[in-house]
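Written below as structure tokens is the structure these notes are about.
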Amino acid sequence: MKKKIIGQNLVIVSVLMLASAFVALYYNINYGETDFVPLLVPSLITMALGFFLYFLGRKAKKKLRKEDNFFIVTFTWLILTVLGMIPYLMCGTFDNISDAFFETMSGFTTTGSTVMTNIDSQPHGILLWRSITQWLGGLGVIVLTMAFFSQKNKAHETQLFSAESPGIEVDKLGSRIRNTAQKLWVIYIVLTILCFVAYYLGPMNLFDAVCHSMTTVATGGFSTHQASIGYWASPYIEYMCTLFMAMCGLTLALYYFLIVGRFKAFSKNEEMRWYFGIIFIGVAVFMLLFYSLEYTTVLTADQLSSFPMGFEETFRASLFNVVAIMTSSGYQASCFDYVAWGQAFIIPTVLLMAVGGCSGSTSGGIKVSRIAIAVKNLIADLKRQLHPQAVIPVKMSKRSLDQTTVMRVMAFIMVYIITVLVATLLLTCLGMDFTSSFVSCVSAMSNIGPAYGMTGPATTFAAIPDIAKWILSGMMLVGRLEIFTVLLLFTKEYKVTK
């Protein structure tokens, strides 16, 4: 059964890789690019392996346990990364496995960190495949497969779905997981089309609009240019990008509620109010820092020259940066370099990285709902100290949460912090400075992209040690699957079914 499900995933991905190959063929014929074969061969290998595993496992009679879903999801993402990096190696984009694996993992996990130093000179097929990896990873490869293939066991479907997309409450969208997956992908595709139209109406050409619409809706941040969104130096593009990043940082299920007329379910969503509240506070803090630091002697002339000019540009730069960081998109605009702006921007930037978007969105991070629950639990605990006999529940969207849910949230945040600190220690042992190490780990864990210092927005991750790339790649996967899906594989209680 496990082989069958993994095989289905490989077949789906191979079709999209094959589509990249045909786009590459067009540019090979008309412009002399050379990435057709490097995309065609891996797509056929992936498809053949997918069908082989599918037919090998379709007659399996042994029922899967709940724990096996975590193995299926984790192994699927790993094998897709290994197969997905082959085009980079065959095309000569990278000459070593560490860089190719890092770039592919960054794509599928929608992190957006890159080791490419020559993006503008890459062939179109490779750039399209790079964007597709983020688009697939945004909503999830397993979720896409479930939209096409249904499983016999509904309980198994639910567990598998939740292992890859923990924040989506499947019971609110339909009785069948396949129907839920289809609804989510329809919403996802519609958002992608709307984003494409918005970009294409601006200065982007057809190819750039296609690639950026996929990476924007996935809140991934990969671009077809080294300068990212700043390549166009267009306020229109920056506002449109900000709009769609913010939209995709919301729980995707909310759009379904709007479509079917469940306006009450939409309006009473407390996480959404927290989400926009944090964005508002973040923009206010950034604007305050810009205006206050401009009149101090703390910054150098070079740092001040990187600041936005005038109210509109200051507002646009603040809004873009806050949304890009919080939604884990990581795009860079024409005015986007919090490293150049000075150390005062480090703390608000790292806090936004850690918070992330809403649960059930394409964004990374701890998630707004968990932050809200943690804050409410802290307030409730303070009240209990004053009134020991009082029953003070923790509520979200006017619903009381059981203690198990609250403890699970607190455990998630604790494991997130411990993982970041341990990884930071490892990176510093490899020779990286503390600030670059710490922010890189937060960025990888929250699937952001740019970090700080030697891995900041104006640079790439190419210069860091190869071992550091493998550590950060692992953190990207752990962060994308929200920690416990991967962590459970290393517990004593877990045993893989043979």
Check your understanding: Okay, helix-only estimate at 222 nm for the chain: each DSSP H run of n ≥ 4 adds -39500 (n - 2.57), divide by all residues, round to 500 deg cm²/dmol; what do you get?
Key -> -21000 deg cm²/dmol
Study note, to complete from the structure: Assertion target for 262, 480, 130, ordered by fewest C-beta neighbours within 10 angstrom first, is 262, 480, 130
Exercise for review: Give the calculated FRET efficiency between residue 265 and residue 288 to the nearest 0.05, with a Förster radius of 41 Å applied to their Cβ-Cβ distance.
Suggested key: 0.70
Point to revise | Point-to-point label distance, residue 392-residue 52, nm (Cα→Cβ direction, 7 Å offset) | key: 6.1 nm
Point to revise | Part-to-part distance (alpha-carbon centres) for region 428-449 and region 212-282, which is given in Å | key: 25 Å
Check your understanding: Is any residue of region 107-133 close enough, with backbone N under 17 Å, to a label point placed 7 angstrom from the Cα of residue 207 along the Cα-Cβ axis, and if so, which?
Key -> 118-133
Review point. Using a basic spin-label model with each label point 7 Å from the Cα along Cα→Cβ, how many nm lie between residue 491 and residue 281?
Key: 3.2 nm
Review point. Sequence-distant or interchain residues sharing an amide H contact under 5 Å with residue 394, placed H: which?
Key: 401
Review point. Quick one: which of 3/469; 183/264; 264/367; 2/183 span more than 27 angstrom between C-alpha atoms?
Key: 3/469
Study note, to complete from the structure: HN-Hα couplings for region 98-114 via Karplus (6.51, -1.76, 1.60; θ = phi - 60°), in whole Hz with x for Gly/Pro, come out as 4, 5, 5, 5, 4, 5, 6, 5, 4, x, 4, 8, 6, 6, x, 5, 9
Point to revise | Paramagnetic reach from residue 233 in region 103-129 [backbone N under 20 Å; point 7 Å along Cα→Cβ] | key: 119-121
Check your understanding: For percent of Cα pairs over 28 Å apart, which listed value, [x] 60; [y] 49; [z] 52, comes from the coordinates shown?
Key -> [z]
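Subtracting the Cα-Cα distance from 0.36 nm times the residue separation, let me have the gained length for residue 41 to residue 3 in nm, one decimal.
On the way: separation 38, 0.36 × 38 = 13.68 nm, distance 2.22 nm.
Working it through step by step, the gained length comes to 11.5 nm.
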**Study point:** Separation of the residue 309 and residue 30 label points, Cα + 7 Å toward Cβ, nm
**Key:** 3.9 nm
**Study point:** Pairwise centroid distance, computed over Cα atoms, of region 451-489 with region 22-96, Å
**Key:** 22 Å
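Could the peptides 446-456, 194-204, 180-190, 104-114 be put in order, highest first, of the mean number of other beta-carbon atoms found within 10 Å of their residues?
104-114, 446-456, 180-190, 194-204
Quick note: the coordinates plus some simple rules give every number you see, no bench work behind them. Note that this is a predicted model, so its numbers are computed, not measured. With ideal geometry, Cβ positions are generated from the backbone for all residues, glycine too; neighbour counts draw on all protein chains shown.
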